[in-house]
Amino acid sequence: MKFFGRFAALRGVSATFSAGRLYVVLGDNGAGKSTLLRVITGLMEPSQGSVTLLGATKVRDVAHRVGYMGHAPLLYDELSGMENLRYFAGLYGIKDGEVSRKAMLMVGLDPDLERRVGQYSQGMRQRLSLARAVLHDPELMLLDEPFSNVDVRSARDMAAVLGRVRDQGKTIFVVTHQAQLMEGVADEFVHMAAGQIAKRVANGPTATAALVGEPGIPRGESMADPEVRTTR
Amino acid sequence: MESSMKKLPPISILFVVALLGVTSYLALAVAPTERTMGDVQRIFYYHVPSGWVAFLCFFINFVASAVYLWRRSEGSDALAAASAEVGVVFCTVLLITGPLWARPVWGIWWTWDARLTTTLVLWLIYVSYLVLRRFSAGGQTQVLAAAFAIFGFVDVPIVYMSIRWFRTQHPSPVMGGGENSGLDPAMAHVFLFNLAAFTLMGIVFLVLRYKLQMSEQALESTHAQAALKGVA
Amino acid sequence: MSTMAIARATLMKDLRMEWRSKDAINSMLFFALLVVVIFSFAFNPTAEESRQIAGGLIWVAFLFAAVVALNQTWARELRNQVLDAYRVSPAPPNALFLAKTIGNFLFVVVLECLMAPLFVIFYELRSVGPVWQLIVVALLGTWALVVNGTFFAALSIRTRSREIMLPLILFPISIPALLGMVDATTSILTGEASPDFWIKMLAVYDIVFTAICLMLFETVLNAE
């Protein structure tokens, strides 16, 4: 549970998620999607309850295995792309500049570009933000609105990249308003409403219909190999 | 719980008024007149006990803040908030009665000796503590205030020693050297009684304020629970 | 990477960014200059008197300049919410604190190096006591202001009216340090007393409060 003053952003979220899956979190504004991600990363402490992540009860212990992309860019406007990535790589103990170069190439950006991030286009900034989230090769990725303000083609490319990353055995959570983009790669759609998980729908032929359906009664399913567990 | 809480304030207020009545009678009528200072000296029976209660409250604030940082219990934070407020009130009384006493006796309103200056700084620190509490946004008030309280309290002995040294270098009039040197037994009785009485009053205020704080916190949490059940 | 390595990397990053957006540096340097000039108009003593009061004047001027610098310490980390990126990483919070504090320290020392000669000129100051003692006092005193200032700046980012919150909570706690700095400076300038006690007191103040800051910073950083 998470309270902001008198607003319950999350209430009674009790769920277990498995490794190696790509979860797409959907819901209207205010449904609690971003808050859920922030609680999972440890940026916010739940007002009540606990989070168990990759086998650890304290998120800080596994911080090096978690990657987070926030709603905001999480980048320094005054530095270039490579400078940003090299700094953040350093926070994870990575001294080799090659890692940062590869990350930039992977998202389709030029590592030698000296332009400051403040002068990047929105799409470029989103891509760099994604690069920052994944450059330390985390097992668990939490991405909040990675496609906002990104053109359709780049977004499709990003979605495909995420699918490939999932195929390597990583776990990915994507919060987005644009579920259609993820149709090809998602394993499961998690619908949230009013601070709770309304329903979880595995991806398949019926998934598209479920996307336009109404949220039902809250209850999460438990699956094999639990990796993330948030309990009341 | 509710009915006893309703009974508590009126009884304790009556008690405090009665105590104040008795202490005032003792201080103003019963205690003998001081030889050199005259009747003005009677302020001393209010001045010193106020100081004692103020310092006691600030010490309680320090301990409660430390406990809060360690345990995060609502009770310790409520006690910290309550003790800071009650402490500031008594400290204000101290700072006002001081000059009122000093002016007729020593001819000056104020001097920057170690005791007075430390008291003023103490007052400033805890007023800024209260301002911090009021101005911090959301659920983090308690943590921030508790952290600040540690700083404040540790600073006090440093302040005292600094000004003591400063004053050995730059001597200036020292006031009120007399209260601890040779109290006439009749005065001593009144003084001790007032000391005990003020301490009791301080405790009553503290308990009342603490309960008020706890009620406020309970109210917040009821609202939060309601938000959980009702519409977000 | 270790705490010191991350602190250094963060400090380098901050310095690089500071260097690139020279607006901030320039406006603060100019502000420091203005403060000296205004003080010179407001307090226009003779050469003998000036040595008595210069200690106080200089340190109040430094204090104002420092507060302006401190207020924007965390501003850069709040833009784009980039502080979240640090918090989510395994990097230790104290490394961030050390980097910010040392950065502020260097910056305020630069301001002091600019303002001090101006004070010497405008007030025709000449020190009776040894100048190296003045430097020691300046360094210890600046650290005292900056270490608490950086910590309280972090506190105040989570408050309303944050520009006024910082000086409001910083000044009372800094009073003994200020007293020490002023009296030590005056003692050295006039040569009338030994500043040894103050130097020791400032050192104690620095150690005690640096320790408290390091102990409590993680708690304050993650308060959300």
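The values are calculated or read from the model by the stated rules, or taken from the named source; none is laboratory data. Not measured: the values here are computed from a predicted model. Cβ coordinates were reconstructed from backbone atoms using ideal geometry, including for glycine residues, and neighbour counts include every protein chain displayed.
For the stretch C:191-209, does any single residue satisfy the condition of being within 22 Å of C:Leu96 (Cα to Cα) and more than 9 Å from chain B (Cβ to nearest Cβ)?
Residues of the stretch C:191-209 that are within 22 Å of C:Leu96 (Cα to Cα), as a first pass: C:205-209.
Checking which are more than 9 Å from chain B (Cβ to nearest Cβ) leaves us with C:206-207.
Yes, that holds for at least one residue.
The residues in the stretch A:73-93 that are surrounded by fewer than 22 Cβ atoms within 10 Å (Cβ to Cβ), in contact with a strand residue (DSSP E or B) (Cβ under 9 Å, 6 or more places away or on another chain) and aliphatic (A, V, I, L, M) can be counted, and the count is 1. Close contacts from the stretch A:113-127, counting a first residue that is within 19 Å of A:Gly70 (Cα to Cα) and a second that is modelled with pLDDT under 85 and among the β-branched types (Val, Ile, Thr), with Cβ to Cβ under 6 Å and a gap of 6+ residues or different chains, come to A:Gly123/A:Val150; A:Gln126/A:Val150; A:Arg127/A:Val107. Among the candidates B:Phe166, B:Phe148, the residue that is at pLDDT 80 or above and at the interface with chain C (Cβ under 9 Å from one of its Cβ atoms) is uniquely B:Phe148.
Please determine, by comparing only the residues of the stretch C:100-122 that are closer than 17 Å to C:Cys213 by Cβ and buried (at least 22 other Cβ atoms within 10 Å of the Cβ), which one is farthest from the other protein chains (Cβ to nearest Cβ). Walk me through how you get there before you give the answer.
So in the stretch C:100-122, the residues closer than 17 Å to C:Cys213 by Cβ come out as C:100-105, C:108.
When the remaining residues are screened for being buried (at least 22 other Cβ atoms within 10 Å of the Cβ), the result is C:100-101, C:103-104, C:108.
Numbers: C:Lys100: 14, C:Thr101: 15, C:Gly103: 14, C:Asn104: 17, C:Val108: 20 Å.
It comes out as C:Val108.
Residues in the stretch C:40-94 that are part of a helix (DSSP H, G or I), of a type outside the set (D, E, K, R), touching a Phe, Trp or Tyr at 6+ places or on another chain (Cβ under 9 Å) and within 14 Å of chain A (Cβ to nearest Cβ): C:Asn80, C:Leu83, C:Ala85, C:Tyr86, C:Val88, C:Pro93, C:Asn94. How do the pairs read when you match residues in the stretch A:81-92 that are within 7 Å of another protein chain (Cβ to nearest Cβ) with residues anywhere that are of a type in the set (Phe, Trp, Tyr), using Cβ under 8 Å and keeping only pairs 6 or more apart or on different chains? Between residues of the stretch A:81-92 that are within 7 Å of another protein chain (Cβ to nearest Cβ) and residues that are of a type in the set (Phe, Trp, Tyr), the close pairs are A:Tyr87/A:Tyr76; A:Leu91/C:Tyr86. Got at least one residue in the stretch C:36-50 being under 29 Å from A:Val117 (Cα atoms) and without any contact (Cβ under 8 Å) to a residue 40 or more places away in the chain? No, the stretch C:36-50 contains no residue that is under 29 Å from A:Val117 (Cα atoms) and without any contact (Cβ under 8 Å) to a residue 40 or more places away in the chain.
Residues in the stretch C:210-224 that are free of Cβ contacts under 8 Å to residues at least 40 places away in the same chain and either among the aliphatic types (A, V, I, L, M) or more than 8 Å from every other protein chain (Cβ to nearest Cβ) (or both): C:Ala211, C:Ile212, C:Met215. Being within 21 Å of the chain's Cα centre (by Cα) and aromatic (Phe, Trp, Tyr) is the requirement here; does B:Phe135 meet it? Against the criterion (within 21 Å of the chain's Cα centre (by Cα) and aromatic (Phe, Trp, Tyr)), B:Phe135 does not qualify. Scanning the stretch C:193-223 for residues that are under 23 Å from C:Ala61 (Cα atoms) and among the charged types (D, E, K, R) yields one hit, C:Asp206. Give the stretch A:33-52 a look and list any residue that's at pLDDT 80 or above, of a type outside the set (S, T, N, Q) and not in a loop (DSSP other than H, G, I, E, B), or say none. A:Lys33, A:Leu36, A:Leu37, A:Arg38, A:Val39, A:Ile40 - these are the residues of the stretch A:33-52 that are at pLDDT 80 or above, of a type outside the set (S, T, N, Q) and not in a loop (DSSP other than H, G, I, E, B).
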